[in-house]
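Peer 1: What follows is a structure written as C-alpha cells; I'll ask about it next.
The values are calculated or read from the model by the stated rules, or taken from the named source; none is laboratory data. From a predicted model like this one, the values you see are computed outputs, not experimental measurements. Every residue, glycine as well, gets a Cβ built from its backbone with ideal geometry; the counts of neighbours run over all protein chains shown.
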Amino acid sequence: MASYTPNLDLLKKDPVADAGDTFNIKTMMNDNWDKIDGGFGALQTEVNGHLAELVTDAEGAHGLKVESGNFTPVLLGETITGNPTYTTQSGEYYKIGNLVYVNINITISNKGGLLGNVSVSGLPFFSKGANKSFSLSHIAGIIFGDKKQLIFTTNYESDRGTFYFLSDGGYWTTLQDTEVTNNAEINLTGTYITN
C-alpha cells in the first residue's frame, strides 16, 4: 500500500503491495518533483531572507553588525573640567557587535584650567565595564617623575576613560593636572566592550 513522506508529502509506492498498479508518471514522478521543487524554493527564500551581502548592511550578516564613524574626544579634569585649547582633537571608531575599537588623537596648546584627575570623555559608546586594553602610541608633555608606565582605562557604564600611572612597587595613581603640560600630546588606540 502506498504511503507519503512526513516532510514533503511525497508519494511512496510499496513494491510488493502496489506491484500490480500501473505506473503513473503524474502521481509517481511529476507531483513528487513539484513538491521537492516547492520545498526547496521555500527553503531558499528563508535562507536568502536571513543572509545579508555585507556585515555593514542594516541587519548585518548573520546578525553581526559593523559600523564606523568619527567622534570628538575631550580632555578634562574631574575636579574642574577646564577648557583646553586643541591643535588636534579627533577620534575614529569601529564597532563590531558589542566590541568597540577606538583611535584617539589629542594635542593641546593650553590646558585651559582643567584640574584634578585627567580623563577623556566623548567615547562613541558607553563602556560596559572598566577595560584596560589600550595602547598609548605617542605621549608628549606628560611628566612621569619616578612613575614607570601610563595606561588608559574606560570607566564603568560611561563614555569616559581615566589615565593611571604605574609606580615602583606596583601601585596605581591617577594622572593629575599638574603632570600634564600646556603642550601635551596623547595618541591612543584600544578596544572596549559596550552593551
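Peer 1: Give ILE151, ILE104, ILE143, ILE96 a once-over and let me know the one that is under 16 Å from PRO73 (Cα atoms) and assigned by TED's automatic domain parsing to the domain that holds LEU188.
Peer 2: Selected residue: ILE104, the only one of ILE151, ILE104, ILE143, ILE96 that is under 16 Å from PRO73 (Cα atoms) and assigned by TED's automatic domain parsing to the domain that holds LEU188.
Peer 1: Does ALA130 satisfy being in contact (Cβ under 8 Å) with a residue 24 or more places away in the chain, in contact with a strand residue (DSSP E or B) (Cβ under 6 Å, 6 or more places away or on another chain) and assigned to a loop (DSSP other than H, G, I, E, B)?
Peer 2: yes
Peer 1: Could you say whether any residue in the stretch 95-109 is without any contact (Cβ under 8 Å) to a residue 60 or more places away in the chain, part of a strand (DSSP E or B) and closer than 20 Å to ASN187 by Cβ?
Peer 2: Among the residues of the stretch 95-109, not one is without any contact (Cβ under 8 Å) to a residue 60 or more places away in the chain, part of a strand (DSSP E or B) and closer than 20 Å to ASN187 by Cβ, which makes the answer no.
Peer 1: Next question, about the same structure. Do we have any residue at all in the stretch 47-68 that's modelled with pLDDT of 90 or more and closer than 26 Å to THR178 by Cβ?
Peer 2: No, there is no match, as no residue in the stretch 47-68 is modelled with pLDDT of 90 or more and closer than 26 Å to THR178 by Cβ.
Peer 1: So, one more: Among the residues of the stretch 140-195 satisfying the criterion of being surrounded by 15 or more Cβ atoms within 10 Å (Cβ to Cβ) and among the basic types (Lys, Arg), which is farthest from GLY91 (Cα to Cα)?
Peer 2: The selected residue is LYS147.
Peer 1: Looking only at the stretch 116-140, how many residues end up being touching a Pro at 6+ places or on another chain (Cβ under 9 Å) and either outside the structural domain of TYR101 (by TED's automatic domain parsing) or among the aliphatic types (A, V, I, L, M) (or both)?
Peer 2: 2
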